[in-house]
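Notes follow the structure.
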Amino acid sequence: MSRQPVSRNALVVGVAALLVAVGTLGYVIGSDNRGSVFTVGPGLVYATPTGGTAYLGTNQPLNHQPRGFAYSYPGSGMPWVDANGTVNEGSDRPSCVPYYHAVRVKTVETVKFPIAGGYQGTVLWVRC
């Protein structure tokens, strides 16, 4: 018995079906796997000796509750860049972020990451 050659059309249909199956599987896995989001931009920080809160955006109000996602602000122990461009690391808090005052900062880098039922975020560094 001789073997029949596979037709080109059958091969194209088979490859297309495989691509659709892999794409569908990737979409299903990816839509349920929310990743972390890093954002860098101007913001507003309110600090206390034990921590604080930060918000992204240049139009955040200073006189009432800011809008948007609230990021946890560790207060000290995170890197920050002063007005001269010097990177500061260690236990000092950023000089441009006094306690108990909402202040605008040039730049904050934040990360927002998935947790059960939503997201949580934190500030990674501040530029005065």
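Rule-based calculations on the coordinates, nothing more; no lab input. Just so it is clear, the structure is predicted and the values come from calculations on it, not from any experiment. Don't worry about glycine lacking a Cβ; one is built from the backbone with ideal geometry, like all the others, and counts go over all protein chains shown.
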For the peptides 69-79, 108-118, what is the packing order when you average, over each peptide's residues, the other Cβ atoms within 10 Å and list the highest mean first? 69-79, 108-118
Once you list every other residue whose beta carbon is under 11 Å from the beta carbon of ASN59, what net charge do they have if Lys and Arg are +1 and Asp and Glu are -1? +2
